[in-house]
Amino acid sequence: MVDRFRVVPAAYVLLRRERGGAEQVWLELRRNTGYMDGYWAVPAGHVEHRESVFAAACREVAEELGVTVAAEDLRPLCVMHRTGGNGLAIDERVDFFFECRRWAGEPHVAEPEKAADMRWFPLDALPEPIVPHEYLVIDRLRKGDLPAVVSFGFDESDAG
């Protein structure tokens with residue numbers, strides 16, 4: 001009998017705002033996490049046992065940025081089916097991307113051991129490097145062609 005395919009779910013939140021006519025997104029510079037350190041990233045994390053993806057998104061934003069987001073203020077952007085291509089369960093992912101334009105508090109580095117920097121960036125002037133699968137979502141959002149479902153890391157041409 002073949003083992004069933006298993007995936008790890010994660011929640012991502014793009015805090016967005018408009019300033020001076022430019023759309024901006026909040027990004028953090030990863031450090032000491034063991035994954036893509038030195039890359040800019042969206043606030044995100046794994047969905048924990050008995051936790052909804054909405055609760056995970058709200059929890060991650062609170063833990064990483066020190067702000068409070070209500071689940072009803074999360075707008076789904078897309079779902080990404082992603083693989084690391086190595087067959088390890090930890091690298092088989094389903095990522096839920098949300099946008100949020102309303103929160104309580106001021107975003108700041110709430111976990112200094114995991115983030116070297118955090119700040120707003122205009123969508124048309126993003127820093128480098130950005131975690132590749134997250135960049136795909138941000139770039140397609142910026143271009144206005146982000147489909148509801150995308151894939152990343154598979155041998156065939158990624159759909160979406």
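Taking (1) touching a residue at least 40 places away in the same chain (Cβ under 8 Å); (2) closer than 21 Å to residue 132 by Cβ in turn, residue 53 satisfies each apart from (2). Determine whether residue 6 is in contact (Cβ under 8 Å) with a residue 60 or more places away in the chain, in contact with a helix residue (DSSP H, G or I) (Cβ under 8 Å, 6 or more places away or on another chain) and more than 23 Å from residue 147 (Cα to Cα). Yes; evaluated as a whole, the condition is true for this residue.
For region 85-122, the set of residues classified as modelled with pLDDT under 95 and surrounded by fewer than 16 Cβ atoms within 10 Å (Cβ to Cβ) consists of 85, 86, 87, 88, 89, 90, 91, listed by residue number. When the strands (runs of 3 or more DSSP E) confined to region 1-78 are screened for residues that are of a type in the set (Asp, Glu), those reaching at least 2 such residues are found at 22-30. Of the residues making up region 99-133, those that are in a strand (DSSP E or B) and either more than 16 Å from residue 146 (Cβ to Cβ) or touching a Lys or Arg at 6+ places or on another chain (Cβ under 6 Å) (or both) are 99, 104, 115, 116, 117, 118, 119, 120, 121, 122. Considering only region 116-128, I want to know if a residue exists there that is under 22 Å from residue 55 (Cβ atoms) and of a type in the set (D, E, K, R). For region 116-128, residues under 22 Å from residue 55 (Cβ atoms) and of a type in the set (D, E, K, R): absent. Screening 83, 68 for residues that are out of contact with any Leu (no Cβ under 8 Å at 6 or more places or on another chain), among the hydroxyl-bearing types (Ser, Thr, Tyr) and farther than 25 Å from residue 18 by Cβ leaves exactly one candidate, 83.
Looking at region 123-155, which of the residues that are surrounded by 15 or more Cβ atoms within 10 Å (Cβ to Cβ) and not aliphatic (A, V, I, L, M) is nearest to residue 19 (Cα to Cα)?
142
For every residue, the table says whether it meets (1) surrounded by fewer than 22 Cβ atoms within 10 Å (Cβ to Cβ); (2) within 19 Å of residue 98 (Cα to Cα).
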{"residue": "8", "(1), (2)": "yes, yes"}
{"residue": "13", "(1), (2)": "no, yes"}
{"residue": "18", "(1), (2)": "yes, yes"}
{"residue": "23", "(1), (2)": "yes, yes"}
{"residue": "31", "(1), (2)": "yes, no"}
{"residue": "38", "(1), (2)": "yes, no"}
{"residue": "44", "(1), (2)": "no, yes"}
{"residue": "52", "(1), (2)": "yes, yes"}
{"residue": "58", "(1), (2)": "no, yes"}
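The values are calculated or read from the model by the stated rules, or taken from the named source; none is laboratory data. Please read these numbers as outputs of a predicted model, since none were measured by experiment. Here the Cβ is made from the backbone with ideal geometry for all residues, glycine too, and neighbour counts use every protein chain on show.
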